[in-house]
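Read-outs: derived from the displayed coordinates by stated rules, not from any lab. Keep in mind that this is a model prediction, so the values were computed, not measured. No Cβ is skipped: glycine too gets one built from the backbone with ideal geometry, and neighbour counts run over all protein chains shown.
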Amino acid sequence: MPSSERFDIAISKLSVRYPDRDSDALVGFSETIAEGEVVAIAGPSGCGKTTLCRTLAGFVPSMIPAAVSGDVCLGGESLRNVAPEALATRIGLVQQDPDAQICTLSAWQEVAFGPENLCLPAPEVRARVERGLAELGIAHLRDRVTTTLSGGEKQRLAIASILAMEPRVLLFDEPTANLDPRGVQALFATLSDFGRTEKRTLVVIEHRIDALRALAPRLVLLDHGETVERYPARERIDYAEAGLRGAWALPAPETASGSPRIVVDRISFGYDEALWRDLSFTLREGEVLVVIGPNGGGKTSLLRLLAGLASSRTGTIERSRGTQVGFVFQHPHHQIFERTVRQEIKLGNPRDAGGVDAELLDARLAGLDDAVPLSLSLGEQRRLTMATTLARRPNLLLLDEPFIGQDRRNVLWMISRLREVVAAGGTAVLVTHDIPLAAALADRVLYLDRGVQLLGPPDEVFGRLRDLGEIAFTPETWS
Amino acid sequence: MTGGRGLHRSSPMTNFVLLLALVGVVLAVPSLIVEGAILLGVACLAITSGDRPAQFFRRLRFVTLFALVLFIAQALSIHTGQVFVTSPVRITAGGLLAGARMALRFLVILSASALFVRTTDPDRLAQGLIRAGIPYRYGYLFILALRFVPFFQDELRSVREAQRVRGIKVSVRSPRRIAHAARYTFVPVLVSGLHRVDSIAISMKGRCFGLYSRRTASREEPQSGWSLVALGVGGLAVALAIVAARGRWI
C-alpha cells in the first residue's frame with residue numbers, strides 16, 4: 001500500500017461469541033480510530049477488551065474459534081478475510097502474557113524473528129533488533145536465554161519484538177501487567193515518542209489508566225462487551241467513579257502488635273551472584289508487608305523462601321507453630337488442577353453445593369462453575385486461585401502480583417479478603433508493582449533491588465526512594 | 001550459548017552433522033569396538049566442551065541404568081551361540097553380545113544427543129538449516145521442540161510447588177496413587193503445554209511467520225577452528241565404521 005494512504009480503523013457492529021459461552025464477548029461494538037490516534041480501552045475484567053484486540057489482529061476467528069458478525073476495516077479495506085500473518089505487517093499485537101508470546105530461545109533472536117519473517121535485508125534486521133532492544137532498555141539482555149528472564153524482562157522483550165516490525169497500528173493488551181514502575185514510565189515515554197514521530201496508531205488495553213498519563217489517550221470504557229462511556233483525550237477522569245484503578249482511599253491499617261509469625265534472619269538470594277544479602281525482618285500477626293522493586297530483583301524468590309518452597313544460601317527462616325501458608329502464584333494456571341471451576345473449588349476442601357456456590361459468587365465467578373478453569377480469562381483464573389487458597393484458611397498469606405488483570409472492583413474484593421485474613425490474626429506478604437496501592441495497604445514496605453534493601457513504614461521507605469532518585473517507585477508519581 | 005569451549009564454539013550445523021554421523025554409524029555398524037570408541041569420543045568432546053569427567057558420567061547415570069535394563073533383557077531373551085548358564089535362566093554368548101551392543105548403542109545415541117542439545121544454540125542451528133536451503137518451517141519445528149524442554153521443566157517445578165501449597169500429596173506407591181499423581185501432575189503440565197502451543201502459534205502468525213516462502217537469516221555465523229575438529233571427529237567415526245565393516249570386527 002502506498003505510504004500516503006490513511007490507516008483509519010473502522011469497527012462496525014462487531015459481535016463475538018465463543019463456542020463455550022452463552023453470551024457475547026463483544027456486543028455490536030462500533031468505534032472509529034483515526035490514524036495516529038492513541039486510544040485506551042478499559043473496563044471490568046472479562047468485559048471483552050482482549051477479545052477486541054484479538055479480533056482486530058485477525059486471530060479471532062481464524063485461530064481462535066468464535067462466531068463473529070460485523071466488520072473491521074483498516075484504511076477502507078475489510079479485514080474479514082485477511083490472514084493474521086498478512087495482517088501482522090500492518091497491525092502488531094503485544095499479548096497480555098509475555099511468556100505466551102516468546103517463541104525463540106535467545107533475546108536477540110526473539111526481536112529478530114518478526115523482521116526476518118518480513119524478508120528484510122539482514123543489515124536492516126540487525127539494525128531494527130538493536131534499536132528495539134535499546135528502546136526498551138534491554139540491550140544488556142541480548143544474549144540471554146529467554147527462559148531465564150524475569151516476567152518484566154520478558155514483557156519488555158515481547159514489546160521490543162513487536163516494535164521491531166514497525167506496524168502502523170500497535171495493539172497492547174495490558175502492557176504494564178508485568179512491568180515495574182520504572183519500566184512502565186520508560187514504555188510509555190517510548191510509545192509517546194513512537195506515536196508522535198512515526199504517526200502510529202496505538203490502542204492500549206489497560207486497567208491502570210494512571211499509567212497511561214504520558215500518552216494522554218482518548219478513553220473508551222467497555223462493559224459486558226458494549227461501550228458504556230467515552231472520554232475525550234486529555235480529559236481528567238475520576239478513576240473511582242469510572243470504576244478504574246488509579247487512586248485508592250483505603251482505611252488506614254492498624255498498627256500490628258501481635259506475636260511474631262515469621263522471623264527472617266540474614267537470608268541471601270541470587271543465581272550466579274547474590275541479588276540481596278543478609279535480609280532480616282520479623283513479621284507479626286496482623287501485619288501486611290508489601291514488597292516492591294524492579295523486575296528481576298528477587299521478589300518472587302523471597303515469597304518462595306517464606307513459603308518454604310526454596311532454601312536460602314545463608315541465614316534462617318522460622319515460622320511460628322501452627323503457621324498455615326497460603327500462596328497465590330503469579331501465574332494462576334500453575335495452581336489449577338481440576339476440569340471444572342466447581343471441582344477446583346472443592347479440591348482439598350470438600351463441601352456442599354451451597355458452600356461452593358457461595359464461594360463462586362463471592363469471587364465473582366458465578367455462572368462459570370462448569371467452565372474449564374484454564375479457559376477462563378487471566379483475571380478470572382487469579383480470582384479462582386485466590387478463592388481456593390483462602391479456602392484453606394491460611395494465616396500466612398503470600399500473594400504474588402495478584403492484581404494483574406483485575407479491575408477496581410476485583411482489586412477491592414481481593415483487598416477485603418486479605419484484610420479478613422489479617423484481622424483474624426493472619427499475616428500477609430504482597431508483591432505488587434501498583435505503588436499507590438502499596439502505599440495505601442501496607443503496614444511496612446520492603447523495597448528490593450540489586451544491592452539495595454529498604455524496609456520500614458511506607459512514608460519512610462518512599463521518602464528514602466525519593467532521596468535515591470527512584471521516583472517511579474513513589475506514590476505521588478502515579479497520583 | 002555463543003561463548004564457552006569446544007563444541008559451544010563450533011557452528012551449529014557442524015554439530016548437527018556430527019550428531020547425524022555418530023548416530024548413523026552406531027546404527028549402521030553393529031560393532032562393540034566402534035560403539036565403545038565412539039562413546040569414548042563423545043566423552044572426550046564433552047570434556048573439551050567444558051564438562052568435568054565426573055559430571056559427564058553423572059549426567060548419564062539414569063541413561064546407564066536404563067541401558068543396563070536393556071542389556072539384561074537382551075541377555076535373557078536371546079539364546080544363540082555358546083551357552084554359559086542354563087539354570088535358573090539361560091545365558092548365551094549371543095545374548096550377552098546383543099545386550100552389550102544394544103546398551104552401548106543406546107548410551108552413544110543418548111549421550112551424543114544430550115551433548116548436542118547442551119552445546120548447540122537452536123536458533124543458530126535453524127538459521128544454518130535455512131542457509132543450507134532447508135525450508136524454514138522445518139528448522140523452526142526443531143527450535144520449538146527445544147523451546148519446550150525448559151518450559152516443561154519449569155512447569156513441572158511450579159506444579160509440584162503448587163501441589164505442596166495446596167496440600168495435594170503425590171506418591172507412586174500403588175497403581176491408584178500413580179493414577180492420582182498423573183492426574184494432578186502430568187495433566188496440568190500437558191494442558192498447560194497445549195495452551196502454550198496455541199499461544200505460540202498465535203504469536204508466530206502475529207509476526208508474519210509463514211507469510212513468505214523464504215525468510216532472512218540475519219545472524220552471521222563466525223567460523224571457528226572447533227568446527228574443523230568436530231567434522232574431523234565425525235569423519236573419523238565414519239572411517240572407523242567402514243574399516244570395522246570390512247574387517248568384520250565384533
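A few remarks follow.
- Here is how the number arises for chain B: DSSP H runs of 4 or more residues each give -39500 (n - 2.57), the sum is divided by the residue count, and the result at 222 nm is -23500 deg cm²/dmol.
- Above-threshold pairs, the threshold being 22 Å between Cα atoms, out of A:K346/B:K169; A:K13/A:K49; A:K49/A:K346: A:K49/A:K346
- Among the residues of A:77-90, the average count of other protein chain beta-carbon atoms within 10 Å of the residue beta-carbon is 3.
- Residues A:D180, A:D370, sorted so that the one with the fewest Cβ neighbours within 10 Å comes first: A:D370, A:D180
- The C-alpha atoms of chain A define a longest principal axis, and helix A:353-362 lies at about 70 degrees to it.
- Unit charges on C-beta of K, R, D, E only; dipole of the range A:35-128, Debye: 80 debye
- In the range A:118-197, the C-alpha radius of gyration followed by the widest Cα-Cα span (Dmax) gives 12.5, 36 angstrom.
- Model label points for B:F186 and A:S78, set 7 angstrom from Cα along the Cα-to-Cβ axis, are 4.8 nm apart.
- Distance distribution P(r), the range A:138-183, all Cα-Cα pairs, bin width 5 angstrom from 0: 5, 19, 31, 23, 17, 5, 0 percent.
- Hull volume per residue, based on the alpha-carbon atoms of the range B:135-205 and their convex hull, is 94 Å³.
- Counting every other Cβ atom within 10 Å of each residue's Cβ, A:K199, A:K346, A:K299, B:K205 order from fewest to most as A:K199, A:K346, B:K205, A:K299.
- Of B:E161, B:E35, B:E220, the residue with the greatest mean-square motion in the GNM of chain B, using alpha carbon springs below 10 Å, is B:E161.
- Against the main long axis of the alpha-carbon atoms of chain A, helix A:458-467 sits at an angle near 60°.
- Farthest towards the positive end of the charge dipole of the range B:133-197, among the residues B:I178, B:I134, B:S158, is the Cα of B:I178, using unit charges on the Cβ of Lys, Arg, Asp and Glu.
- J(HN,Hα) series, the range B:30-35, from Karplus relation 6.51 cos²θ - 1.76 cosθ + 1.60, nearest Hz, glycine and proline x: x, 10, 4, 5, 5, 5
- Computed from the C-beta positions of A:D238 and A:R450, the FRET efficiency with R₀ = 35 Å rounds to 0.35.
- Taking A:F337, A:F113 and counting other C-beta atoms within 10 Å, the order from fewest to most: A:F337, A:F113
- Here r is the Cβ-Cβ distance between A:V372 and B:A239 and R0 is 35 Å; the resulting FRET efficiency, rounded to 0.05, is 0.05.
- Inter-chain Cβ neighbour average for residues B:137-146, partner chain, 10 Å: 1
- Dividing the mean sequence gap of close Cα pairs (under 8 Å, 6+ apart) by how many residues chain B holds gives a relative contact order of 33 percent.
- For the range A:140-156, the Karplus equation 6.51 cos²θ - 1.76 cosθ + 1.60, evaluated at θ = phi - 60°, returns couplings of 5, 9, 4, 9, 6, 6, 4, 6, 9, 7, 6, x, x, 5, 5, 4, 4 Hz by residue, with Gly and Pro reported as x.
- Whole-Hz ³J(HN,Hα) from phi, Karplus 6.51 cos²θ - 1.76 cosθ + 1.60, for the range A:425-432, glycine and proline x: x, x, 10, 10, 10, 10, 9, 8
- Mean separation of Cα contacts under 8 Å (6+ apart) over length of the range B:135-205, as relative contact order %: 29 percent
- The rule of thumb for compact globular proteins, 2.2 N^0.38 Å, goes into the C-alpha radius of gyration of chain B 1.24 times.
- Here the Kirkwood formula puts the hydrodynamic radius of the protein assembly as shown at 28.4 Å, using every distinct Cα pair.
- Fraction in percent of alpha-carbon pairs per bin - 5 Å, the range A:9-231: 1, 7, 15, 19, 20, 17, 12, 6, 2, 0, 0
- For chain A, the relative contact order works out to 16 percent when only alpha carbon pairs closer than 8 Å and six or more residues apart are counted.
- log10 of Debye I(q)/I(0), alpha-carbon scatterers only, for the range B:78-174 at 0.17, 0.20 Å⁻¹: -0.87, -0.98
- Cα centroids of the range A:273-297 and the range A:52-102: 41 Å apart.
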